[in-house]
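Written below as structure tokens is the structure these notes are about.
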Amino acid sequence: MITDSLQLNLPVDFPRSVLPRDARPFVKWVGGKQQLLAQFEAYFPTTFRRYCEPFLGGGAVFFHLWNARRLPRQAFLFDNNAELVNAYLVVRDKVDELVETLTIHQQRHNKKYYYRVRRLDREELELSEVERAARTIYLNRTCYNGLYRVNSKGEFNVPMGSYINPQVLHENVLRTASSALQGVNIELRDFRSLVDFVQAKDFFYFDPPYDPLSKTASFTGYTRDSFGEEDQRELAKVFALLAEKGAFVMLSNSNTPLVSELYRKFRIETVQARRAINSDANGRGCLPEVVVLNY
Ligand SMILES: C[S@@+](CC[C@H](N)C(=O)[O-])C[C@H]1O[C@@H](n2cnc3c(N)ncnc32)[C@H](O)[C@@H]1O
């Protein structure tokens, strides 16, 4: 939470620039990078002109850089999931209304209510931006494992999770995220459009859906169109093009032969991620993932 000088009983003119910041993702997102931030520290460029995160998800890296006061004046957050992008815009611009609507979801939450809210995208209803954002966050907090999955018609189809008393409204998290997002450009975009966007000395952090370790154990269905080998190949081309234009590009992915082949001309580092692993007796273990850098 942003520590307010009033809460701390500090003089009103106490410089806010030295107060600690604690912004973090307001959605649970598959592939969230929170646990890898300490290992990433060694790989962030020291100076850059604009920051861009084109596979935004929960935005863990963005919030981390904001906390550390390392974001430049211009930051750009993109994703091709329209509901997620709308939620970020509402957190940035209408956080009071969002808190009000989520309070109602929190009070009414039960199984029947969950499926009623889930069904809203099947009905010909015109929801406001705030109602859509609150629905997205409510479903994210109460659905099975925080998954985002839609059917071929774009209808959200994740069943309810079995949480006893899920916390739908994290008011401090939303308000701190809203502060972090002030002045930030948030857009619905596909990564392929970055070619027209890049400028020299931009810093791009890419966190695409991962190349699956096995053909069966994959989860890539964030939106209607899943992210397959052809997308990984196109992304590698975009990576190379941005590098050629003088940007700093950092990419996370799984440690697979395809990823090694696609980025063989670049620096590839390994980090250890805690993941659920079936072969492990406890079901948890560390898996190496790669960080690809052009600098
Ligand atoms: C691994 S998640 C990002 C996780 C995020 N870094 C975090 O810490 O929570 C990948 C994101 O890429 C988005 N995505 C998938 N295909 C995309 C595309 N073609 N263009 C832009 N974004 C895409 C998904 O909607 C998803 O939010």
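What follows draws every value from the coordinates through simple rules; no lab data is involved. This is a predicted model, so every value here is computed, not measured. Ideal geometry is used to build each Cβ from the backbone, glycine not excepted, and the neighbour counts take in all protein chains shown.
Considering every Cα-Cα pair within the chain, what fraction, in whole percent, is farther apart than 28 Å? Display every interim value, and only then the final one.
On the way: 17858 of 43365 pairs.
Tail of the P(r) past 28 Å holds 41 percent of the pairs.
Count the net charge of all other residues whose Cβ sits under 10 Å from the Cβ of GLU97, scoring Lys and Arg as +1 and Asp and Glu as -1.
Neighbour charge sum, excluding GLU97 itself: -4.
Shape analysis of the stretch 6-69 yields a ratio of the Cα radius of gyration to the Kirkwood radius, Rg/Rh, of 1.05. Summing charges over neighbours of MET160, with a neighbour being any other residue whose Cβ is under 9 Å away from its Cβ, gives +2 when K and R count +1 and D and E count -1. Cross-link pairs exceeding 28 Å between alpha carbons, from the set LYS153/LYS237; LYS94/LYS237; LYS33/LYS237: LYS153/LYS237; LYS94/LYS237. Fully extending the segment from GLU97 to THR46, taken as 0.36 nm per residue of separation minus the present Cα-Cα distance, adds 14.6 nm.
What net charge is computed for the residues neighbouring PHE203, neighbours being all others with C-beta under 9 Å from the C-beta of PHE203, Lys and Arg scored +1, Asp and Glu -1?
With Lys, Arg at +1 and Asp, Glu at -1, the net is +2.
Loop sites only, by DSSP: take the GluC sites (Glu not before Pro) in the chain that have at most 11 other C-beta atoms within 10 Å and name the longest stretch containing none of them. By the stated rule (loop sites, at most 11 other Cβ atoms within 10 Å), 127-295. Among the trypsin sites (Lys or Arg not before Pro) within the stretch 63-98, those in coil by DSSP and having at most 15 neighbouring Cβ atoms inside 10 Å are ARG69, ARG70, ARG73. Residues whose amide H comes within less than 5 Å of that of ALA273, counting only those at least five positions distant or on another chain, are LEU287, GLU289 (H built at 1.01 Å from N in the peptide plane).
About the centre of its Cα atoms, the stretch 10-112 shows a dipole size close to 160 debye [charges on the beta carbon of Lys, Arg (+1) and Asp, Glu (-1) only; nearest 20 debye].
Near the amide H of PHE48, within less than 5 Å, lie no amide hydrogens of residues on another chain or at least 5 residues away, with H placed in the peptide plane.
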